[in-house]
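Novice: Once you've had a glance at the structure underneath, I'll fire off some questions.
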2 protein chains.
Amino acid sequence: MKVVVSEHPVKLADAMKKRAQEVEHALDVLLPLPDGQEKRLIEAMRYAVLGGGKRLRGFLVMEVAHLFAVAPACAARVAASVEMLHAYSLVHDDLPAMDDDDLRRGQPSCHRAFDEATAILAGDALLTRAFEVLVDGDTHSDASARCELVAALGAAAGARGMVAGQMIDMLSEGADLNAPEVTRLQALKTGRLIQYSAEAGAILGRAAPQQRHYIAAFGRDLGAAFQIADDILDAEGTAEELGKTAGKDAAAGKATMVSIMGLEQARAHANMLASQASQYLASFGDRAATLVALTQFVVSRRS
Amino acid sequence: MKVVVSEHPVKLADAMKKRAQEVEHALDVLLPLPDGQEKRLIEAMRYAVLGGGKRLRGFLVMEVAHLFAVAPACAARVAASVEMLHAYSLVHDDLPAMDDDDLRRGQPSCHRAFDEATAILAGDALLTRAFEVLVDGDTHSDASARCELVAALGAAAGARGMVAGQMIDMLSEGADLNAPEVTRLQALKTGRLIQYSAEAGAILGRAAPQQRHYIAAFGRDLGAAFQIADDILDAEGTAEELGKTAGKDAAAGKATMVSIMGLEQARAHANMLASQASQYLASFGDRAATLVALTQFVVSRRS
């Protein structure tokens, strides 16, 4: 299976870099260091969320918001919230009682760099801060849009979304999941937050229902493609490339699309989903070129 | 030091029981059990938050909301949110990496009844659900009031509120804190959420700024009195009475107002704060009689 490479790889890389800088700046501003002993808590939060990464979720928020002519400063706040949410989930997932992972983005995971208690609290505080930023008047002038951002994030990230996915993942280690079960698990664990990132841009832009529907479907399929690509990278990659432990899934006996359908079939499936995601953007025309390029990037990336 | 007993102890006990039932009912409705493996997660959330308790925070929301003629069904949703927030903080505080406590409300703590990973996730999901409930249209017809509820809860519970208090508490074990340091720690760790509970009722009721100020000051002093009373109970009580491990503070070398000023002085200080709290309610007249009785209850309770 030939990997389809974006026609605009350089432009996409530039756009991602620019957006990542905007998101990093917003995060830096939204997490100022206090005096007092609680400084250690904020340091741990900053360590967890300012450690780089592709900022896929933040990029999605900002690029979809851009489709609807949202002010970048507002979109960057929502992008920062989503990245805080994502960072909290990684900090808690890495804990000894969970995935027990020492390495994250090529650095010691939060509980290794600080300690377990601090990591638990930093995750809690990042989650709380994410919601706090969303409801601030600087995020959107319309309070009902701000409420919608919180409601959708809660649905995507809570007990019927991401946390449910993490719970099922913990209970499924060594279990013989089939393809629909893996698809549901991954949709909950990773897909819902990626879909939210796209939808948040549409909420900010007060998109019409049909547009919102297309953006949600785009985000859903992009998220599914992303996760399968992640499983392929885990099966193929090295820790050096990934910046995190490789081969974890097989070692933990976790069912993935790779273990169920094999590498080549999984790759074909991811490419199909990426292509489908891009088709939902058709009605936006050339303005969505960067997002279309992103659909190819998520399945062709090496880390 | 004679403990001042409320003139209406029976009426207060009845009111607390009635409110607790309303809050339990709201929690039950807001946390339905799903099918699928994630059921275990919701079971853990329900175990943590439906396990009884005095429901002081929920009671405060409902009674202050009542002062402003808020519909009880709306106030009960906010009360349920605050109780979810409180329950999440207890679940995470009890974890082995934190206070490592096996007992809570006379029952095994969440990570003992389930397991550590489930307890971490249940806490995360309770926190998320608390915010989700607040922004729902059923909570208040005005989206800006809903945003205000979230913003104030985030400020009270996050990295500059409750979680900061927990961080400082972890760092202060065995440290020789003085009275102002203990006061600040306790204001962050417990006081802010109790103050929020009172303020949330005023936010729901669209209270005028001066009334909001009185309610906030009432909540602040009530929270401080409550925490000192808690420290007195910890020093004096038995596990049977408390439903949790007694004598923890001394065993952990934690500084409290009891360790700093002694039992009798601490009791006098708590009574002074309770009396001060009740004075902020003067402008509400007889309508605040139940809340005035509560100020006495928090310093005279035996568990």
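Novice: Within chain B, which is the longest segment containing none of the GluC sites (Glu not before Pro) that sit in a DSSP loop and have at most 16 other Cβ atoms within 10 Å?
Specialist: Formally, the longest exposed-site-free interval is B:8-172.
Novice: Can you give the Rg and Dmax of chain B based on its C-alpha atoms, in angstrom?
Specialist: That works out to 18.3, 56 Å for Rg and Dmax.
Novice: Mean Kyte-Doolittle of at least -1.0 plus a Cα span of 20 Å or more along the axis: flag which DSSP H helices in chain A meet both, please.
Specialist: Counting only whole DSSP H runs, the qualifying helices are A:9-30, A:72-93, A:116-135, A:143-157, A:209-236, A:263-279.
Novice: Related question: Inter-copy label distances at A:Gln107, 7 Å along the Cα→beta-carbon direction, one decimal in nm, shortest first?
Specialist: 4.0
Novice: What is the protein assembly as shown by shape, rounded, prolate or oblate, if you read a ≥ b ≥ c off the alpha carbon gyration tensor as root eigenvalues and call it rounded for a/c under 1.5, prolate for a/b larger than b/c, and oblate otherwise?
Specialist: prolate
Novice: Restricting to Cα pairs below 8 Å that are 6+ residues apart, what does the relative contact order work out to for region A:9-300? Please round to a whole percent.
Specialist: Normalised by residue count, the contact order of region A:9-300 is 19 percent.
Novice: What are the label-to-label distances in nm, one decimal and shortest first, from B:Ala13 to the same spot in the other copies, with labels 7 Å along Cα to Cβ?
Specialist: Relative to the other copies, B:Ala13 has label-point distances of 7.4 nm.
Novice: Report the Cα-based extents of region A:42-100 along its three principal axes, largest first, to the nearest Å.
Specialist: In descending order, the Cα extents are 43, 21, 14 Å.
Novice: If you add up the charges near A:His269, with Lys and Arg at +1 and Asp and Glu at -1, over every other residue whose beta carbon is less than 12 angstrom from its beta carbon, what do you get?
Specialist: -2
Novice: Separate question: Using a Gaussian network for chain A with springs between C-alpha atoms less than 10 Å apart, which of these wobbles most: A:Gly191, A:Gly52, A:Gly223?
Specialist: Between A:Gly191, A:Gly52, A:Gly223, it is A:Gly52 that shows the largest mean-square fluctuation.
Novice: Then there's this: Can you give the Rg/Rh ratio of region A:147-274, where Rg is from the C-alpha atoms and Rh is the Kirkwood radius?
Specialist: Radius of gyration over Kirkwood radius for region A:147-274 works out to 1.01.
Novice: Quick one: how many lysine pairs does chain A have with C-alpha atoms less than 23 Å apart and a gap of 8 or more or different chains? Give me the count, please.
Specialist: Final tally of qualifying lysine pairs is 12.
Novice: Run the label-point distances for A:Gly52 please: 7 Å along Cα to Cβ, every other copy, nanometres, shortest first.
Specialist: So the label point of A:Gly52 gives 5.4 nm to the other copies.
Novice: Enumerate the whole-percent occupancy of each 10 Å bin, from 0 to the last occupied one, for all C-alpha pair distances of region B:7-59.
Specialist: 23, 43, 22, 10, 2, 0
Novice: Considering region A:1-118, what Rg and Dmax in Å follow from its alpha-carbon atoms?
Specialist: Just the Cα atoms of region A:1-118 yield Rg and Dmax of 16.3, 56 Å.
FYI, it's all coordinate maths here, none of it is from the lab. Since the structure is predicted, the reported quantities are computational estimates derived from the model, not experimental observations. Note that each Cβ is placed from the backbone with ideal geometry, even for glycine, and that neighbours are counted across all protein chains shown.
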